[in-house]
Structure formats: structure tokens, C-alpha cells
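The values are calculated or read from the model by the stated rules, or taken from the named source; none is laboratory data. Computed from a predicted model, the values in this text were never measured in an experiment. Cβ placement follows ideal geometry from the backbone for every residue including glycine, while neighbour counts extend to all protein chains displayed. Surface areas here come from the heavy atoms of the whole protein model, side chains and all, with no ligands, DNA or RNA. Shrake-Rupley method; radii C 1.70, N 1.55, O 1.52, S 1.80 Å.
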Amino acid sequence: MVKFRKLSVVGVLTALALTACGGNSASTSSSQPIKIGVTGPFSGNYAAPGIDIMNAAKVMADTLNKSGGINGRKVQILTADDQCDAQVGVQAAENLVSQGVVALVGGYCSGASIPESDVLRRHHNIPFITVASSNPKFTEQGYNNVFRVILRDDFAGTIDAGFMSSVLKAKKVAIMHDNSTYAKALAEFGRNELQKRRATVTYFDAITPGQRDYTSALTRVASTNPDTFYFTGYYAEAGTLVKEWKDLGLDKKFSFMNGSGEYDPAYITAGGPAADGSNVTFPVGPDTATGKDFVTFRSAYRAATGKDMATYAIYEHDAIMVLKLAIEKTKSTKPADIDSALHQISYSGITGSIKFDKKGDRQQLAMVGFKVSGGKFVPTWKLTGGSWVSYS
């Protein structure tokens, strides 16, 4: 019994020592895989983009492993469903940390990703590269271990307002959000920019997500006589709203403008034919991406999943490539080493050039205006030199 107790103490002390170093056997032994965590909504109403991100991560791991992995070590993807919920997200992040991930690469809902970043901060600043979480707070917390490869909501809201003013000729705009971290912030940034442009905001309110009928809310919107309706929530509610917009004949009275969250095939699926005629702005996506890397990745994704990629797969591709470069640069999987390298490296990826600033944001992305037509996102405008011009 005495010998057994001594061995147990040694085991505990060893585990604590490894934890204090910010790693485990997987992060120090070349015989162990490099574990990369992926969080996102893999179930529930917003699962489609989460699954797209997860699939892309797995395709990337398979691709890297076929070419020797990272520094000769295999890559292993570990996933945890955060359901776009803050509390569940904390549990998901803790779960992945306990399994020895060297980084998180993913994230969809800002409301989950922000508390997940707190978990990683407490665990020796494990890096978190988000591919879809766009709320500014994610990179405004003063953390040196958070990075973002998508645009921020303050930038997106300004872009959307400019698009509505310049392209849709909006003078009176009704704005609706769903009170989520992402949607409310985007709505507020859009409202502020519209007012700077001397447009009148006729309506600003929230709906409760998950409802089956929003006709009463749309009727209230219509009573304010807008020429443009701007919805900043997620695709499930946007699909319901755009159907009712058409059913109520409101498409004859005002335009339908979406926030960037609706640039996703799931929105077209949810809205059906009614989505035709609606608008959205977004940077590089699967409808506009080009180049050898894109073609190769698209083929690998289709071969692995049997379907085409959605919006954020190419951002997951680039985020994992950035992480790969950081690990190769430092020849280390220690959080501090990876964080430092991520702030230094540059990468030309499918989504464009990536170099992070001190906060962890990348430079502003090229923007495209899409109109849904025939069940597809058709690139129709592009932002060039501060002006929206015809896409060609």
C-alpha cells in the first residue's frame, strides 16, 4: 500500500508538471499526433456551417498527413459541439484542452467563441484562430492568443451600410436582429453608419430566434414605410423572414438586405425560391475563389464528403495552413511559441493574404456584393477604391 501511494503521488506530480508547462505527451513527443481542436455548432438550427468547418478541418488533416504531417508528426482533429451557446462552449473548450489540443481552429457564433477564448487564455494562452466569429470583442480583450481570418462586424456593418446607400439607394432602412452577440453588434454598426450617411432608420428591434412565424414583426416593419429591410441574424430566421417577405407582398415595397451570416448555402435552402432577389455582401467565398489551391481543396472536400463546400471551408483551410506554418517556424507546439509565430508570419491563401496585427485581426478583405438569383449567390458588385462597381 505504501509503494502504491508513492507511485500515485509521483503520477499526480508528473501530470501537474506537464500541465504547468502548458502541454502533455502529445505536445512534446514526435511519436504523438499534433491535436487540433475544432469547436462550432455541430447540432441544432445552426449546424450546417459548423459541420462545414469541421469537415474542412478533417480534409486538411488528411491532406497534411498524406504529405508528412507537420514537422513529421501526424495531425489529429478533435471536435466539440458548442451549439452556439456560451456555457456549452466553455465546456467544449475545456474538453478539448483536457485532450491536449495545441490550438483551436474554428468557431462560428461569437457568443460561444468569446467565452471559449477565455478558457484558452486560462490554459497557458492556447491559440485560437477563428474562421467565422466576427464580433470585435473577440480580438479586443487584450489577449495575445486570439486570431481571426474573417472580417469584423464593425467593418462589415460599415460595408453593408455603404452598399445599401450606394447600390440599393436606401434612404429609409428598417433594421432587425436577434439579440445574439453577432447580430446585435452588426445591426448597431450598420445603424451608426447609415445615420452618418443621413439615412433614416425607421425601425430597430429584435426577434426571438427559433420561431416559426415572424409575420407580425414584418407587419410592424412595413408600417414604418422603409425602402430597405436589413436583417443581421442567422440563416434559419432569415429563411423564414424572406419567405414571409414574399408571401406578404413586401418584396414590392422594400428590398431585402442580409448580414454576412446569410452568405451561406443554408440560407438559400431555408428561404427557397423566395430568397431570389435578396442581397448580401461578403469577402472571398466559394463562389468567387480562384487558384490552384482552391481547385485542389474543393476536389478533396468533395471526394471526402460527397458534397460541395459551403462558406467557411476555405477559411478553415487557410487557418490550419497558418497554424501549420507557425508550428514549423518554431519547431514547437508550446502555446507561447505558436502565439508568437502567428503574430509574425504571412501567408497567401485561398481567401487572400493573411497577416495578423497586434490584436490578432487580419487586414481588411476585398468585398463583393451578391444577389441571390436562381438559387445561387451571384457576384454582382465589388468594392473598388471605396466605390461599388459592377463585378466582372
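Could you tell me which numbered condition Pro115 fails, if it satisfies all but one of (1) surrounded by 24 or more Cβ atoms within 10 Å (Cβ to Cβ); (2) not in a strand (DSSP E or B)?
(1)
Check Leu194 against each of (1) more than 22 Å from the chain's Cα centre (by Cα); (2) open to solvent by 70 Å² or more (accessible area, probe 1.4 Å) and name the one condition it does not meet.
(2) is the only condition that Leu194 fails.
Considering region 269-298 alone, what residues qualify as being touching a Phe, Trp or Tyr at 6+ places or on another chain (Cβ under 9 Å), part of a helix (DSSP H, G or I) and buried (at least 23 other Cβ atoms within 10 Å of the Cβ)?
Selection gives Ala270, Gly271, Ala275.
When the residues of region 30-53 are narrowed to those that are surrounded by fewer than 24 Cβ atoms within 10 Å (Cβ to Cβ) and of a type in the set (A, V, I, L, M, F, W, C), which ends up nearest to Asp118 (Cα to Cα)?
My answer is Phe42.
Listed here are the residues, each with its yes/no results for (1) touching a Pro at 6+ places or on another chain (Cβ under 9 Å); (2) over 27 Å from Gly285 (Cα atoms).
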| site | (1), (2) |
| --- | --- |
| Ala310 | yes, no |
| Ala319 | no, no |
| Lys324 | no, no |
| Lys329 | no, yes |
| Lys334 | no, yes |
| Asp337 | no, yes |
| Ser340 | no, yes |
| Gln344 | no, no |
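Could you list, in sequence order, the residues of region 309-354 that are within 18 Å of the chain's Cα centre (by Cα) and not in a helix (DSSP H, G or I)?
First, the residues of region 309-354 that are within 18 Å of the chain's Cα centre (by Cα): 309-323, 349-354.
Within region 309-354, Met309, Ala310, Thr311, Tyr312, Gly349, Ile350, Thr351, Gly352, Ser353, Ile354 meet the criteria.
Scan region 184-204 residue by residue and report those that are touching a residue at least 12 places away in the same chain (Cβ under 8 Å) and not in a helix (DSSP H, G or I).
The answer is Arg197, Ala199, Thr200, Val201, Thr202, Tyr203, Phe204.
Which residue, of Ala217, Ala222, is over 22 Å from the mean Cα position of the chain (by Cα) and open to solvent by 10 Å² or more (accessible area, probe 1.4 Å)? Show your work before the answer.
Values: Ala217 fails: open to solvent by 10 Å² or more (accessible area, probe 1.4 Å).
Criteria check complete, one pass: Ala222.
The rows are residues; the columns are (1) under 18 Å from the mean Cα position of the chain (by Cα); (2) under 19 Å from Glu94 (Cα atoms).
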position	(1), (2)
Ile126	no, yes
Val131	yes, no
Ser134	yes, no
Glu140	yes, no
Ala161	no, no
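Are there any pairs with C-beta distances below 7 angstrom linking a residue in region 323-348 that is under 18 Å from Gly100 (Cβ atoms) to a residue that is assigned to a loop (DSSP other than H, G, I, E, B) and of a type in the set (Val, Ile, Thr), with the two at least 6 apart or on different chains, and if so which?
Filtered contacts from region 323-348: Ala326/Ile345; Ile327/Thr333; Thr333/Val102; Pro335/Ile126; Ile338/Val102.
I need the full set of residues from region 294-306 which are touching a helix residue (DSSP H, G or I) at 6+ places or on another chain (Cβ under 8 Å) and either among the charged types (D, E, K, R) or within 13 Å of Asn55 (Cα to Cα) (or both), in order please. Write out each step before concluding.
Narrowing region 294-306 to residues touching a helix residue (DSSP H, G or I) at 6+ places or on another chain (Cβ under 8 Å): 294, 297, 300-301, 304-305.
Residues satisfying the conditions are Phe297, Ala300, Tyr301, Ala304, Thr305.
Would you mind stating whether Phe147 is over 22 Å from Asp52 (Cβ atoms) and buried (at least 22 other Cβ atoms within 10 Å of the Cβ)?
Against the criterion (over 22 Å from Asp52 (Cβ atoms) and buried (at least 22 other Cβ atoms within 10 Å of the Cβ)), Phe147 does not qualify.
Return the only residue of Asp62, Asp82 being of a type outside the set (Lys, Arg) and crowded, with 23+ Cβ neighbours inside 10 Å.
Asp82
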